[in-house]
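Have a look at the structure below, then the notes.
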Amino acid sequence: MMLDAVETPAVLIDIEVAERNIQDCQDYCDEHDIALRPHIKTHKLPRLAQAQIDAGAIGITCQKIGEAEVMAAAGIKDILLTYNILGPAKLARLRCLHDAIKLSVTADNPTVLRGLSEAFADAEWPLAVLIECDTGGNRCGVQSPQAAVELAEQIGQSMGLRFAGLMTYPKAGGTADVQAFMAGAKALLAEAGYACATISSGGSPDLRQAHLAPVVEEYRVGTYIYNDRSLLARGACNLGDCALHVLATVISTPTPERAIIDAGSKILTTDLFGLDGYGVVIDHPALAVAALNEEHGHIDCSRAPGSLSVGDRIRIVPNHACVVSNMVDHVYLMDGDEVFSVEEVAARGMVV
Ligand SMILES: Cc1ncc(COP(=O)(O)O)c(C=O)c1O
C-alpha cells in the first residue's frame, strides 16, 4: 500500500527515523555506561519495544499495569512500573505479572508499601521496589533523602518486598538537582545499611545530559523515539528527527486565510505543552495549526494566503507525540512512501 491510499486523518511513523533515534540513544547510553530502559508510553507498540531491547535496552518502563500486561503478553521480560499501585484488584494483577516476568515497581509512601507487602508476603521471591524521589519535578516522590531512608527501612521490614534503589522523573533542566538529591540519598542509605542496586532517572529533553549526573545508572526515555514539537522547541531534536506525523486532508478553504483539515483534537489532542498552536506543518513554515475542534483543525494561512486547496494533504508534527499515539487504534509504519505495516497500538487506552 502506498501513502496515497492511506485514509486521513492518520498517524504515520517513519520507521527509518524511529530506528535511527533508537540507535542514537543506545549509542549515547553505551558510550557513558548508562543502562537504558525506554518508556513505552510514547509508541505503545510491542514491535518497537522489542526493537529497543534488540538495540541494547535492558528492559522497558510502563506507567500502568494494563500497559505492562500488554507488553508482557507480547514477550517483553523485564518491566519497571513507575507508578504507585493501590487496591486489591490491581495488586492481584501485579502479582500475576511478577510470576511471569522480571518486574520492579516504585512507591513513595507507606500506604502503597503496606499494600504491596500484603499482596506479596507469600510470593516465591520478593518484589523489587524502588523509592520514587521528587528531585524537582513536583509530581510524586519523597521530598528528602531522609524520607527515602525511612521508606527503605519500611521495605526492609516488609514481607515480600526487596529494596531495589531510587527512581526520579525530574523536570527538564533538572540534571544537577537529580545528582544532588540522589547522591545525598545514596550516601544516607549506605549509612543505614541499604545499597541501591539501581538509581534511575529519565526524560527526553535532558537525555544528552544524563552523564552529567553520574550517580544515575539507568535512564528512562519515551519521547526520544518519535520526537515532537515540544522537543523541537527545546532544541533537543531537528524536524528530520520527528518520526511521527499526523497526515490530514484539507476539507474546506472558507477564506484564503483559513483552511480546515480533517484532523482535530481527537487526533492532534489539545496538549499545548506551553506552545502556541497545535503542531508544525511540514513543508509549510508559514502555516500554523491555530485552533482545533474535535474533528476540525483550523490552519491559519494569513502569512501565505491561498496556499492550501481543498483535497491537499498535509503532514503535521504534533506538540506531544505520546498522547497522539493514544488516540488511534492503528499507526502506519512507513518506509518512505510505502506502508509496510498497519500496526495495532496494542497498549493504547490502558489507563487502569
Ligand atoms: C516515570 C517516567 N519516566 C520516563 C518518562 C519518559 O519521559 P520522556 O517522554 O520525556 O522521555 C516519563 C514520561 O512521562 C515518565 O513519566
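Read-outs: derived from the displayed coordinates by stated rules, not from any lab. Since the model is a prediction, treat every value here as computed from it, not as a measurement. Because the Cβ atoms are built from the backbone with ideal geometry, glycine has one as well, and the counts that use them run over all protein chains shown.
Given a 10 angstrom Cα cut-off, can you work out which residue in PRO254, PRO110, PRO38 is the most mobile in a GNM of the chain?
PRO254
Using per-residue counts of other Cβ atoms within 10 Å, averaged over each peptide, order 58-66, 233-241 from highest down.
58-66, 233-241
Using unit Cβ charges (K, R positive; D, E negative) and no other charged atoms, how large, in debye to the nearest 20, is the dipole of the stretch 1-131 about its Cα centre?
Magnitude of the dipole: close to 680 debye.
Per residue of the stretch 237-244, in order, report the coupling 6.51 cos²θ - 1.76 cosθ + 1.60 (Karplus, θ = phi - 60°) as ³J(HN,Hα) in whole Hz, putting x for Gly and Pro.
7, 10, 4, x, 8, 8, 8, 9
HIS39's amide H: which non-local residues (gap 5+, or another chain) put their own amide H closer than 5 Å, with H modeled 1.01 Å from N in plane and none for Pro or chain starts?
Hits under the 5 Å cutoff: THR61, VAL221, GLY222.
Taking H as built 1.01 Å from N, whose amide H comes closer than 5 Å to the amide H of CYS133, not counting residues under 5 places away?
Under 5 Å from the amide H of CYS133: VAL142, MET167, THR168, TYR169.
Ranked highest first by average number of other Cβ atoms within 10 Å, how do 25-33, 170-178 line up?
For the peptides 25-33, 170-178, the packing ranking is 170-178, 25-33.
Considering the Cα trace of the stretch 198-314, what is its radius of gyration and what is Dmax, both in angstroms?
Cα only, the stretch 198-314: 17.5, 58 Å (Rg, Dmax).
Can you give the charge dipole size of the chain about its Cα centre, rounded to the nearest 20 debye, using +1 on the beta carbon of Lys and Arg and -1 on the beta carbon of Asp and Glu?
It comes to approximately 800 debye.
Pop out the ³J(HN,Hα) list for the stretch 210-220 in order, Karplus 6.51 cos²θ - 1.76 cosθ + 1.60 with θ = phi - 60°, rounded to Hz; leave Gly and Pro as x.
Here the 3J(HN,Hα) series is 3, 5, 7, 10, x, 5, 7, 9, 9, 10, 10 Hz.
Which one of GLY160, LEU45, MET334 has its Cα pushed farthest toward the positive end of the charge dipole of the chain, where Lys and Arg give +1 and Asp and Glu give -1 at the Cβ?
Looking along the dipole axis, the top candidate is GLY160.
If we count every other residue with Cβ under 14 angstrom of LEU231's Cβ, Lys/Arg +1 and Asp/Glu -1, where does the sum land? It would help to have the intermediate numbers written out before the result.
Numbers: positive: ARG208, ARG229, ARG234; negative: ASP24, ASP206, ASP228, ASP241, ASP271.
Counting the neighbours of LEU231, the net charge comes to -2.
Taking only Cα atoms and a 10 Å spring cutoff, compute GNM fluctuations for the chain and point out the largest among GLU338, GLU191, GLU218.
Maximum among the listed residues: GLU191.
Using a Gaussian network model of the chain with C-alpha springs under 10 Å, which one of ASP14, ASP134, ASP276 is most mobile by mean-square fluctuation?
ASP276
Can you tell me the length gained on complete extension of the stretch ALA190 to LEU3, counting 0.36 nm per residue apart and subtracting the Cα distance? If you can, show how the numbers build up before the last one.
On the way: separation 187, 0.36 × 187 = 67.32 nm, distance 5.69 nm.
Extra length from ALA190 to LEU3 when fully extended: 61.6 nm.
Let me check against my output: what whole-number percent is the relative contact order of the stretch 231-319, with C-alpha pairs under 8 Å and at least 6 apart?
Values: 188 pairs, mean separation 32.8, N = 89.
Worked out over the stretch 231-319, it gives 37 percent.
Using only the alpha carbon atoms of the stretch 16-225, find the Kirkwood hydrodynamic radius as the inverse mean reciprocal pair distance, in angstroms to one decimal.
Roughly 17.1 Å, rounded to one decimal.
Near LYS171, which lysines are there with a Cα under 19 Å away, not counting those fewer than 8 places off in the same chain?
Qualifying lysines at Cα under 19 Å: LYS41.
In the stretch 154-277, what percentage of the DSSP-assigned beta bridges are antiparallel, given to the nearest 5? Display every interim value, and only then the final one.
Details: 3 of 9 bridges.
Counting only bridges with both partners in the stretch 154-277, antiparallel ones make up about 35 percent.
Let me understand the chain better: what is its radius of gyration from the alpha carbons, and its Dmax, in angstrom?
21.8, 71
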